[in-house]
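See structure below.
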Amino acid sequence: MDIRERLFALQDTGYRDFHSKLVPTVPLERIIGVRTPALRQLAKEIMREGGMEDFLAGLPHAYYDENQLHAFIVSNIKDYGECMARLKEFLPYVDNWATCDQMSPKVFKTHRRELLGEIRNWLVSPETYTVRFAIGMLMQHFLDEDFDEEYLSLAADLRSEEYYINMMTAWYFATALAKQYEAVLPFIEEKRLAPWTHNKAIQKAIESRRVSVEHKEYLRGLKIRKG
């Protein structure tokens, strides 16, 4: 049984129909309907059994679920150099927020210095989901012990008409407000973000359990009012 046959053997049509509404950039006919835990397990099996190389070389994939499987395999590659090479091959083919956001290579945790240089390059990419992935990596790896205020500027200076870039930027700043409030606050007070992104970041911060009630009250007063 080849990998596509294995995916169809795991198909759940009810899940497919439900999940298709969450990824509107992907046509329903390109979704098989395999649940995420099953995809993660299959990724591990393929890496253990062999056949990973042929599957990863088969770009572009026909199905969303194949892209998801590809993302989970890349996320599990233990060698940084190989992982990065495979990721760069795949990023231009990522066509939805879920594949983008669920791809999180574990090896990046121990190679953040090298990763940062790649993030800078991805942020100026013409590809929507390459930019979104870059912001996601900034959020995941550079808001804690490796935080630097310079990284806030990298995200704040982004200007895009793409919803999926702006939403990730807002999510990044909402998370940053929860983790690095004092450093992030001037970016909100000075309205360094695009107006929609600014307001969405405040909204998401207000919705967060990690932001104090006092901070939420102050942030409410910083929203950009229309007119």
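Values quoted throughout were computed directly from the atomic coordinates according to the rules given, and no laboratory measurement underlies them. These numbers come from a predicted model, not from an experiment. Heads up, the Cβs are rebuilt from the backbone with ideal geometry, glycines too, and the neighbour counts pull from every protein chain shown.
Tabulated results
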| read-out | value |
| --- | --- |
| Net lengthening on full extension, Ala85/Asp12 (0.36 nm per residue, minus Cα-Cα) | 23.0 nm |
| Positive-end residue, the stretch 108-183 charge dipole about Cα centroid, Cβ charges, pick of Leu177, Val131, Ser153 | Val131 |
| Given charges at beta-carbon only (K, R positive; D, E negative), |dipole| of the chain in Debye | 780 |
| Net charge of Cβ neighbours under 13 Å - reference Thr169; Lys, Arg +1; Asp, Glu -1 | +2 |
| Value of relative contact order over the stretch 72-227, rounded to a whole percent, pairs C-alpha under 8 Å and six or more apart | 17 |
| Acute angle (nearest 10 degrees) that the helix 195-207 long axis makes with the longest principal axis of the chain, alpha-carbon atoms | 80 |
| Unit charges at the beta carbon, dipole of the stretch 1-110: most positive-side option, Ala9, Tyr93, Pro105 | Pro105 |
| Full-stretch length increase - Val124, Tyr163 - with 0.36 nm per residue and alpha-carbon distance subtracted | 12.4 nm |
| Length released on extending from Leu59 to Ser104, taking residue separation times 0.36 nm less the Cα-Cα span | 14.3 nm |
| In nm, spacing of pseudo-spin labels at Lys226 and Arg35 (7 Å Cα→C-beta vector) | 4.1 |
| Gaussian network model of the chain, Cα within-10 Å springs - most flexible of Trp122, Trp196, Trp171 | Trp196 |
| Histogram of C-alpha separations across the stretch 8-162, 5 Å bin width, % | 1, 9, 18, 21, 19, 15, 10, 5, 2, 0 |
| Residue-averaged 222 nm ellipticity for the chain, from DSSP H runs of 4+ at -39500 (n - 2.57), nearest 500 | -19000 deg cm²/dmol |
| Footprinting exposure proxy for Phe133, Phe8 (fewest neighbouring C-beta atoms within 10 Å first) | Phe8, Phe133 |
